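I'd like to ask you about the structure that follows.
The values are calculated or read from the model by the stated rules, or taken from the named source; none is laboratory data. Quick caveat: nothing in here was measured; it's all calculated off a predicted structure. With ideal geometry, Cβ positions are generated from the backbone for all residues, glycine too; neighbour counts draw on all protein chains shown. The area values use the complete protein model at the heavy-atom level, side chains included, leaving out ligands, DNA and RNA. Shrake-Rupley method; radii C 1.70, N 1.55, O 1.52, S 1.80 Å.
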Amino acid sequence: MAADEKNADEREAREIPIEGTEAESGSVEGASAAEAVTDAADQASADQAEGAAEEEADDIAAEAEAVVAEAERVANAEAEAAAMKDRYLRLQAEWDNYRKRTAEEAADMKVRAAEKIMEDVLPVLDDFERAIAHAEQNGEEGLLDGVKAISTKVCQVFAKHGLEPIDPAGQPFDALEHQAVATVPDESVPDETVAQVYQKGYRLGKKVLRPAMVTISSGGPKRENAEKAEEE
């Protein structure tokens, strides 16, 4: 009996919990969990910071590339503008040279043309001087024939250079080549026929230098061309 009581006491002694053991164990486990949470939080913060740093680095790299690209674009634009300016200046210089050259050539052509005409007119002036000298020495006999000859020679010189007289006596009036200064009644000829030429006109090539001053008839029959124009 005494032995049984002794064993029972030993069992109770083994089952009696040691004070502070469970509390200390829970405290250790709580501390470990808190450390784990802290470590996780620190890791998350570190990862977030690293991600932010990488994102910022990417943004900086993108901005740097954009700046470089813009600088290259500006440099290319400046180079193109410089090339265009240089081309403009060359073209302007070439145009100025061309304008000066053509002006000089036109002036030279004008001088040469005038020289050619004067060379052809000089013999006519010589004839005038000889006619005047002959009239002074021998009187006026033969002066008229000499003046007529000189006039013919002058006309030949001017015709050589393209000058043509406009002498429309008896022709239909043409407002492009004739200048009417008066009208005379005449029923024997068609209306607006040149009756008299007061002053000859002249044309150079197709250009009228001076219209002929004329009188025109009135009161005669209408011309066929004018009648056809009215009918149309």
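Give me, ordered by chain and number, the residues 5 or more places off Gly220 or on other chains with an amide H under 5 Å from its own placed amide H.
Amide H neighbours of Gly220, under 5 Å, 5+ apart: Asp186, Asp191, Glu192.
Another question, then. Rounded to the nearest 0.05, what FRET efficiency do Trp95 and Tyr202 give with R0 = 41 Å and r taken as the Cβ-Cβ distance? Could you check?
0.60
Now for a separate question. Could you work out the relative contact order of segment 139-232, using alpha carbon pairs under 8 angstrom and six or more residues apart, expressed as a whole percent?
It rounds to 29 percent for segment 139-232.
Enumerate the calculated ³J(HN,Hα) couplings along segment 188-203 in order (Karplus 6.51 cos²θ - 1.76 cosθ + 1.60, θ = phi - 60°), each rounded to whole Hz, writing x wherever the residue is Gly or Pro.
7, 10, x, 4, 6, 9, 5, 8, 8, 9, 6, 8, 5, x, 9, 10
Per the 1.4 Å probe, what fraction of the accessible area of segment 85-232, in percent, lies on carbon and sulfur atoms?
About 54 percent, which is the carbon plus sulfur part of the accessible surface.
Full-extension gain between Glu105 and Ala79, please, as 0.36 nm times their residue separation minus the C-alpha to C-alpha distance.
Result: 5.5 nm gained on full extension.
With both partners inside segment 84-232, how many of the DSSP beta bridges are antiparallel, as a percent to the nearest 5?
65
Which cross-chain or sequence-distant (5 or more) residues have an amide H under 5 Å from the amide H of Ala180, H modelled 1.01 Å from N in plane?
Val214
Would you mind calculating the gained length between Ile117 and Thr183 on full extension (0.36 nm times residue separation, minus the Cα-Cα distance), in nm to one decimal?
Roughly 20.0 nm would be gained on extension.
To continue, here is another question. Give me, ordered by chain and number, the residues 5 or more places off Ile166 or on other chains with an amide H under 5 Å from its own placed amide H.
Answer set, sorted by chain and number: Gly201, Tyr202, Arg203.
Quick one: ranking Ser218, Ser188, Ser45 by accessible area, 1.4 Å probe, largest first, what do you get?
Reading off the accessible areas and sorting them downward yields Ser188, Ser45, Ser218.
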